[in-house]
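The values are calculated or read from the model by the stated rules, or taken from the named source; none is laboratory data. Because the structure is predicted, anything quoted here is derived from the model rather than measured. Positions of Cβ are backbone-derived with ideal geometry, glycine not excepted, and every protein chain shown enters the neighbour counts. Calculation scope for accessible area: heavy atoms of the full protein, side chains included, ligands and nucleic acids excluded. Shrake-Rupley method; radii C 1.70, N 1.55, O 1.52, S 1.80 Å.
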Amino acid sequence: MEQAASIVRQQHTRKLAKPELLAPAGSLEKLKFAVRYGADAVYIGGQKYGLRSGADNFSFEEMRQGVEFASRYGAKIYVAANIFAHNEDIPGLEEYLANLQEAGVAAIIVADPAIIETCKKAAPRLELHLSTQQSTMNWRTVKFWKDEGVNRVVLAREAGLEEILEIKRNVDIEIEAFIHGAMCSSWSGRCVLSNHFTDRDSNRGGCCQSCRWKYDLFAAAPEEGDGLALAGPEEHQFTMGAKDLCMIGHIPELVESGVDSFKIEGRMKSIHYVATVVNAYRQALDAYMASPAEYTLRQEWLNEIHKAANRPLNTGFFFEEPGHEDHIYGPEEKMIDYDFAGLVVDYDPGTGYAVVEQRNHFKPGQEVEFFGPEGRFFTQRVEALQDMDGVLLDAARHPLQHVRMKVDKPVSPFDMMRKRKM
């Protein structure tokens, strides 16, 4: 970490290129929130060839809508096609890639050489971004992929900051790195526990997150049959999931290392998660780029990150090899948890009333927080609630119900309202 900090200090004199902030989206609605809340690009999955089969994923028509929406904000759309293909996956690949190109997608995220070579012929306008699934860790391998026509390399999550610096010194190519989100307990996601336990292939989009299950521990005792249980009935069961990655406290080091794209993990995560995390990193990155010498990490950004987190956080492999304390073997530390309670759909500045679409139960007397793009934020108590006919309500209890409420400060459509879980 000391060497990385020294490099940051030495490089303050040169002009910095502003990195891309790349957000996840598992649905068209999440894509729109990611863009509105500050993402420069969004990565999504199609209905084939991606590694998140449990996400909603996108039809070609939804992709076209997403591209059209993102283009209004100057943002790009990338599609994950990063499975390791079996023979049965090859038929229809050319047509699929050509359809991505026709939809206006900017790039595919890809791991399999067969898909790379097919894309060059079937959809030559698509950029090729090498997936983290290839576990790329060194500059010679990065150069190999550059020579193969890859435009960007998404490094293995196990790559450290010093390794990134050396790669950028030796190869002129775009580098993308995960800076926030879940970490796999296996090497770059190459896990087969899911395959064995549930017959769901992790490398074809079916990971069941076996590392987060709760297990009983047994001492080896062949003479006793099944072995001896190490934990009593009142003790916590064993898990082996990694803590989540969070690098918002290290924006200067990331920018100065030359990483071209800051990637947030989470295509399966909620709208609240995507909007909150993107918003926090957007504020931090913009503040650093505006004035590196005067930059300070603001507590409100950290607070926002923790409002979206549901697992303990660390810095992954960026500064040192994680140890046993970076995994979750027993009960998880309880994070502050908030519910996405409502979405602002209208606001009348004359009366100070907002129309809020209910997303989780809330009622008069509760304290809520409103937040929006560009760091807009305030807290207040909910006063009287009305339905759209002016009838007083004791609670907003129906999904997607529109209610009117007085707000303490101006809000805008697509601002979000959350409440702390009880």
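Descriptive notes on the structure:
- Set Phe377, Phe371: member being of a type outside the set (Asp, Glu), open to solvent by 40 Å² or more (accessible area, probe 1.4 Å) and under 26 Å from the mean Cα position of the chain (by Cα): Phe377
- Close contacts from the range 15-36, counting a first residue that is free of Cβ contacts under 8 Å to residues at least 60 places away in the same chain and more than 15 Å from Tyr73 (Cα to Cα) and a second that is outside any helix (DSSP H, G or I) and open to solvent by 20 Å² or more (accessible area, probe 1.4 Å), with Cβ to Cβ under 6 Å and a gap of 6+ residues or different chains, come to Ser27/Asp56.
- The range 267-294 - residue that is part of a loop (DSSP other than H, G, I, E, B) and open to solvent by less than 40 Å² (accessible area, probe 1.4 Å) and, of those, modelled with the lowest pLDDT: Arg267
- As a summary of the residue check, Arg359 satisfies the conditions (1) of a type in the set (D, E, K, R); (2) under 17 Å from Met405 (Cα atoms); (3) surrounded by fewer than 18 Cβ atoms within 10 Å (Cβ to Cβ) except for the one numbered (3).
Rundown of residues vs (1) open to solvent by 10 Å² or more (accessible area, probe 1.4 Å); (2) at positive phi; (3) without any contact (Cβ under 8 Å) to a residue 12 or more places away in the chain, yes/no style:
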position	(1), (2), (3)
Asn82	yes, no, no
His86	yes, no, no
Gly104	yes, yes, no
Ala111	no, no, no
Ser131	no, no, no
Trp145	yes, no, no
Gly149	yes, yes, no
Arg157	yes, no, no
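- Scanning the range 27-70 for residues that are open to solvent by 70 Å² or more (accessible area, probe 1.4 Å) and at pLDDT 95 or above returns Glu29, Glu61, Arg64, Gln65, Glu68.
- The range 342-356: number of residues that are open to solvent by 60 Å² or more (accessible area, probe 1.4 Å) and farther than 15 Å from Gln386 by Cα: 2
- Residue-level check: of (1) modelled with pLDDT of 95 or more; (2) assigned to a helix (DSSP H, G or I), Glu88 misses just (1).
- Applying the condition of being of a type in the set (A, V, I, L, M) and surrounded by 19 or more Cβ atoms within 10 Å (Cβ to Cβ) to the range 88-102 and asking which residue is farthest from Tyr37 (Cα to Cα) yields Leu93.
- Cβ-Cβ under 8 Å pairs, at least 6 apart or on other chains, the range 238-249 side assigned to a strand (DSSP E or B), far side among the polar types (S, T, N, Q): Gly241/Ser185; Gly241/Gln209; Ala242/Ser185; Asp244/Asn314; Leu245/Asn314; Leu245/Thr315; Cys246/Asn314; Cys246/Thr315
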